[in-house]
1. Going through ILE66, ILE70, ILE20 one at a time, which residue ends up being in a loop (DSSP other than H, G, I, E, B), among the β-branched types (Val, Ile, Thr) and modelled with pLDDT of 95 or more?
2. Take LYS80 and tell me if it is exposed (fewer than 12 other Cβ atoms within 10 Å of the Cβ) and without any contact (Cβ under 8 Å) to a residue 12 or more places away in the chain.
3. So which residues in the range 13-26 are in contact (Cβ under 8 Å) with a residue 40 or more places away in the chain, closer than 9 Å to LYS40 by Cα and not aromatic (Phe, Trp, Tyr), if there are any at all?
4. So, in the range 52-74, of the ones that are open to solvent by less than 50 Å² (accessible area, probe 1.4 Å) and aliphatic (A, V, I, L, M), which residue ends up nearest to the chain's Cα centre (by Cα)?
5. In this structure, does THR29 turn out to be in a loop (DSSP other than H, G, I, E, B) and without any contact (Cβ under 8 Å) to a residue 60 or more places away in the chain?
6. Against the definition (surrounded by fewer than 16 Cβ atoms within 10 Å (Cβ to Cβ) and over 18 Å from GLU82 (Cβ atoms)), how does ARG44 come out, yes or no?
7. Does the range 7-32 hold any residues that are open to solvent by 60 Å² or more (accessible area, probe 1.4 Å) and out of contact with any helix residue (DSSP H, G or I) (no Cβ under 7 Å at 6 or more places or on another chain), and which are they?
Amino acid sequence: RTANGERYDPNDMTAAHRRIKLGTYVRVTHLRNKRSVVVKVNDRMPPHGRAIIDLSTSAARKLGMIRAGIAKVRIEALTKAEVEELLAAQ
């Protein structure tokens with residue numbers, strides 16, 4: 001189970017973060033290849049370590065970072081309106 005009570009599914013577009021409010025949607029951009037994904041923060045990370053976000057397998061695959069396991073990324077919180085627009089486009 002994740003911190004917000006959901007069952008972890010590696011195929012979902014989710015992430016863990018230390019401080020971002022659970023339920024927040026963020027855009028994560030891989031700085032080298034410029035690919036980006038939108039994920040929902042639904043879990044917490046341990047308070048130590050260098051990683052700033054832990055992506056689900058599906059999100060990491062879409063960013064092209066499965067092999068390396070880590071990458072430099074930019075994280076941008078999305079507004080409610082941006083999330084609604086993205087969901088409507090699906």
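The values are calculated or read from the model by the stated rules, or taken from the named source; none is laboratory data. Note that the coordinates shown come from a computational prediction; the quantities given were computed from them, not determined experimentally. Here the Cβ positions follow ideal geometry from the backbone for every residue, glycine too, while neighbour counts run over all protein chains shown. The accessibility values were calculated without ligands, DNA or RNA, using every heavy atom of the protein model including side chains. Shrake-Rupley method; radii C 1.70, N 1.55, O 1.52, S 1.80 Å.
1. Values: ILE66 fails: modelled with pLDDT of 95 or more; ILE70 fails: modelled with pLDDT of 95 or more.
The match here is ILE20.
2. Numbers: exposed (fewer than 12 other Cβ atoms within 10 Å of the Cβ): yes; without any contact (Cβ under 8 Å) to a residue 12 or more places away in the chain: yes.
Against the criterion (exposed (fewer than 12 other Cβ atoms within 10 Å of the Cβ) and without any contact (Cβ under 8 Å) to a residue 12 or more places away in the chain), LYS80 qualifies.
3. Of everything in the range 13-26, those that are in contact (Cβ under 8 Å) with a residue 40 or more places away in the chain, closer than 9 Å to LYS40 by Cα and not aromatic (Phe, Trp, Tyr) turn out to be MET13, THR14, ALA15, THR24, VAL26.
4. It comes out as LEU55.
5. No: the conditions fail for THR29.
6. Working: surrounded by fewer than 16 Cβ atoms within 10 Å (Cβ to Cβ): no; over 18 Å from GLU82 (Cβ atoms): yes.
Against the criterion (surrounded by fewer than 16 Cβ atoms within 10 Å (Cβ to Cβ) and over 18 Å from GLU82 (Cβ atoms)), ARG44 does not qualify.
7. Keep residues of the range 7-32 that are open to solvent by 60 Å² or more (accessible area, probe 1.4 Å), which gives 7-8, 11-12, 19, 21, 25, 27, 31-32.
Within the range 7-32, ARG7, TYR8, ARG19, LYS21, ARG27, LEU31, ARG32 qualify.
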